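Report on the structure given below.
The values are calculated or read from the model by the stated rules, or taken from the named source; none is laboratory data. It should be emphasised that the depicted structure is a prediction, and the values quoted were computed from it without experimental measurement. We place every Cβ from the backbone using ideal geometry, glycine too, and count neighbours over all the protein chains shown.
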Amino acid sequence: MPFVPVKIAQPRVARAGVDRRRLFDLLDAAMDTPVTVVSAGAGWGKTMLVSAWARAGQHPVAWLNLDRHDNESQTFWAYVVAALRSAGLIRPENPLATITTVPACEQERIRILAAGFSRLPDPSVLILDDFHEIDDPVVLDEVSELFRHPPAPLRLFLIGRVQPTLRLHRQRVAGLVTDIRASDLAFTEAEADAIVRGHRVTLDAADLTDLVRRTEGWAIGLHLGAGFLAGDPTRTVTEFNGDGRAVEEYLTAEVLTGRSGRQRRFLLQTSICERVCAGLADAITTGSDGQTLLEQIEHDNDFVIRLGDRPVWFRYHHLLRDALGHRLRAETPTVIAELHRRASRWHAANNSVMEALTHAVSAGDWAYIGKLVTGQAAPLILSAHRPALVRLLRQVPEDRLGGSAELMICAAVLLFHDGDYEAIPARLNHARRLLRRRPGDEHRPVELMRLTLQLAADRAVGDMPAVRAGCTELLALLTDDGAAGGAAVTRQRAIALNNRGLAHLWSGDLGAAVRDLWASAGASRAAGLELAEINATGHLALLEVMAGSVAEAARLAGDARELAERRGWQRTVQSVAAHLAMALVHLERGEFADADAALEIGRQAHYSEPEAAQRVVLLGAQARLAVTRGEPAKAQMFLETARAERSPRTRIPWLDRWLGIIEIEVDLAIGRPVPPPASIPIVDGDLAQQVVQARVALAYKDSRRAGQLLVPGPGTRTHTAASVEAGLLIALIADARGQAGQATDLLSDALQLAEREQIRRPFLIHADGRLDDLMHRLQLAAPESMFLEELRSEIRSMRKTPATDVLSEREADVLLHLPTMLSAAEIAANLGISVNTVKAHMRAIYRKLGVARRSEAVTQARDVGLL
């Protein structure tokens, strides 16, 4: 954002103005309300009044000059935060102190802005000038939302030509909004007299009253009337007509009259800019005296305004700029395009890419737009500025987009923004063909942009072999670059390593994925690319949790999410992997509510910029969570969506194997026939696959085959979660064979391994009477195990069924005695009822639980959580 100093510079009037103490008092009183709206048409002196009041006041003030380019939410709020920061209002403890990019997600953006505004010093003044330029409904809705419950320390002043379309009705009724309108700004006769005398004109009381009546106290009208009278002593107030054409003629005459030819050309030609400095003015006018002329003109009149205390940037009053622009178009229309071309090249040379593109569009310099996009705008494509970039590119005539390799890249950018990833390769291939006709030294910028766009599109559709190939090509191009040590190349390398790392991950090459992702995380941190660092660390966390290392995944995902929350990036696409990894950690630990919360944040962040692979992880995690909760039909729905919603180009083999494991878990939970384990290939070294196939073998009553599958081979990768489940299943097999002592020992080993990483999911999905009896025997031997006690409690709470509502209160009392050695007579004595009544209750319990004997009732009651 190279124009931040200009955007946040407070306008300054060089010459002393009229004393308007009454309006200063009005503004002082407005500090008692959270919102103040200063609205009136052009020329009423709104900006100069508020600026003079702010400079004279005792409160810290943040000032922001708005324009039409700020009609995009992230851009708008980024400038607001920059203004507050520049004014010293954002202290280190403020949540806004550490954000470097405003969140793309509206919910997250509102959250962090509200938190930051509430932590400002009390009172803090934020002045938004030219608020009438803002018409984007999202921006307006967010301003309304933030001030629906106004932050206590903040006083918001909105200056504009019209009343803003904000939802402030309730606040107005509650007296929380101060409105200052044209009727308040209108000059009194005493104030008007000061203006007239400034033009060396003296009016009697009647004429002064008439002039104020004719102009309705309008500042520009009064200047116009005084100038009209000063031009000819014989003129009278009754001859004055202050219509729009007269205003334009007055302004041009006021500023241009008496100027040299050079000064006149300077004013007309620089009027193409919303803001101008000496360097920009010299570039446009091909002169070298821009600084002198700007300072001189500012000193001479009130219609050229210095932005800030130092005489660096200036702007012309809106009415003056309109008048000069009209005169320029009337006198020399053929030079306007060339003036914009000069301005565009100056901005490009000074790294003001959006301003350079704006002037290039005004010049109709389509070829140069293509060169700007490929040469300087690449970082904007994956940033908050992309919507503004796209708005400019849409102004390029469609029939011109095929005119050069660079413009064909622009066409691909538009397709990428629209999510039409399948159409991008044709445009990029066309760009490459066009490039072959050009000298070799012109290839590199286009090739870099082509590869960057192709990688983004391939990643979006999940074509991991293409992502790997593209990253390798891009890294080779960066290595061959003579500026390989430059900061820009370092950033590009970090992002390329990140992309290649996740491509290795979803392709199943975990060793290469670890190397590239760690290299990317380190390079991103060194280059200050925190979003890329979050993305790389999040994918490392996904790798760890999906490979069974729950504790390491929790640490990595926690680090990435903490950084994302600190910066306000919780709902960016770069944070999705960390949220999904943490959801899977919570799932393995049986923390279902926390898993739901992480999945919801991940889902919201994912939709900001959908990627096929992340979509599959999201749906797979939702499916596994559902089946673990005992909702297999819901899990099946998620899995069907994961298989259906994919491009023909999607190639994510490791994710597909992971989905296959979950599908078998769902089939087993539903009771759907599953092919026997011998018919399903197992990837060598994948213990998670071996475990799920062992479950299939057990469903086929083949405990021998199951036992073989549960023993990891010499080349099996470490997978803590799968090892816990394998140990649990081996213990259950041993118990079923009557090897009670061995079963207890095996379960103890599995529990110890699980406790180290707080893994609970295997015990929850295999909870039945046998496991509960086995855990009960183990608890008798090790009563001090809190982890075991917690597991048994969670298993009981999960196994509740409608049977809890079917048993009567007395039947439930009898049920509590069934696991004991008490006879029916002894139970009757304890409860104070007859033995026949106890036996009747027991029969009712057996019927409702669907069992025939007392021991079966105890087992079933434990399974459904009644015991």
Test set (1) of a type in the set (D, E, K, R); (2) modelled with pLDDT under 90; (3) within 30 Å of residue 49 (Cα to Cα); (4) buried (at least 18 other Cβ atoms within 10 Å of the Cβ) - residue 355 fails condition number | (2)
Can you give me the number of residues within the stretch 440-458 that are of a type in the set (Lys, Arg) and crowded, with 18+ Cβ neighbours inside 10 Å?
-> 1
Residue 214 vs. criteria in a helix (DSSP H, G or I) and assigned by TED's automatic domain parsing to the domain that holds residue 36 = no
Being under 23 Å from residue 773 (Cβ atoms), in a loop (DSSP other than H, G, I, E, B), within 60 Å of the chain's Cα centre (by Cα) and not aromatic (Phe, Trp, Tyr), is that true of even one residue in the stretch 812-819?
-> yes
Which is under 30 Å from residue 547 (Cβ atoms) and in contact (Cβ under 8 Å) with a residue 40 or more places away in the chain, of 774, 778?
-> 774
Filtering the stretch 188-211 for residues that are part of a helix (DSSP H, G or I), in contact (Cβ under 8 Å) with a residue 24 or more places away in the chain and not acidic (Asp, Glu) leaves a count of 6
Picking from 304, 361, which residue would you name as being of a type in the set (Val, Ile, Thr), closer than 30 Å to residue 257 by Cα and over 28 Å from the mean Cα position of the chain (by Cα)?
-> 304
Apart from one, (1) out of contact with any helix residue (DSSP H, G or I) (no Cβ under 9 Å at 6 or more places or on another chain); (2) over 21 Å from residue 249 (Cα atoms) all hold for residue 180; the odd one out is (1)
Does residue 62 meet the test of being under 29 Å from residue 175 (Cβ atoms) and more than 30 Å from the chain's Cα centre (by Cα)?
-> no
Some residue of the stretch 329-340 being in the same structural domain as residue 452 (by TED's automatic domain parsing), part of a helix (DSSP H, G or I), crowded, with 20+ Cβ neighbours inside 10 Å and in contact with a His (Cβ under 6 Å, 6 or more places away or on another chain) = yes
Kindly indicate the residue of the stretch 831-847 that is part of a helix (DSSP H, G or I) and loosely packed, with under 14 Cβ neighbours inside 10 Å and also modelled with the lowest pLDDT among those meeting that condition.
-> 847
Given (1) buried (at least 17 other Cβ atoms within 10 Å of the Cβ); (2) modelled with pLDDT under 90, index of the condition residue 84 fails | (2)
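Within the stretch 390-408, identify whether any single residue is of a type outside the set (A, V, I, L, M, F, W, C), over 25 Å from residue 649 (Cβ atoms) and within 26 Å of the chain's Cα centre (by Cα), and answer yes or no.
yes
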Apart from one, (1) at pLDDT below 90; (2) within 16 Å of the chain's Cα centre (by Cα); (3) among the small types (Gly, Ala, Ser) all hold for residue 593; the odd one out is (2)
Which members of the stretch 212-235 meet the condition of being farther than 20 Å from residue 303 by Cβ and either free of Cβ contacts under 8 Å to residues at least 12 places away in the same chain or in contact with a Leu (Cβ under 8 Å, 6 or more places away or on another chain) (or both)?
-> 212, 213, 232, 233, 234, 235
Among the residues of the stretch 504-530, the number that are in a helix (DSSP H, G or I) and touching a Pro at 6+ places or on another chain (Cβ under 8 Å) is 2
Taking residue 154 as the residue in question, decide whether it is in contact with a Pro (Cβ under 8 Å, 6 or more places away or on another chain), under 22 Å from residue 54 (Cβ atoms), buried (at least 19 other Cβ atoms within 10 Å of the Cβ) and among the hydrophobic types (A, V, I, L, M, F, W, C).
-> yes
Of the residues in the stretch 375-412 that are among the polar types (S, T, N, Q) and at pLDDT 90 or above, the one that is surrounded by the most Cβ atoms within 10 Å (Cβ to Cβ) is 404
Out of the residues in the stretch 457-500 that are over 30 Å from residue 645 (Cα atoms) and outside any helix (DSSP H, G or I), which is modelled with the lowest pLDDT?
-> 484
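Against the definition (surrounded by fewer than 17 Cβ atoms within 10 Å (Cβ to Cβ), within 16 Å of the chain's Cα centre (by Cα) and not β-branched (Val, Ile, Thr)), how does residue 74 come out, yes or no?
no
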Just to be sure, is residue 261 at pLDDT 85 or above and more than 18 Å from residue 320 (Cα to Cα)?
-> yes
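Within the stretch 238-250, identify whether any single residue is modelled with pLDDT of 80 or more and within 23 Å of residue 38 (Cα to Cα), and answer yes or no.
So far as the stretch 238-250 goes, no, none of its residues is modelled with pLDDT of 80 or more and within 23 Å of residue 38 (Cα to Cα).
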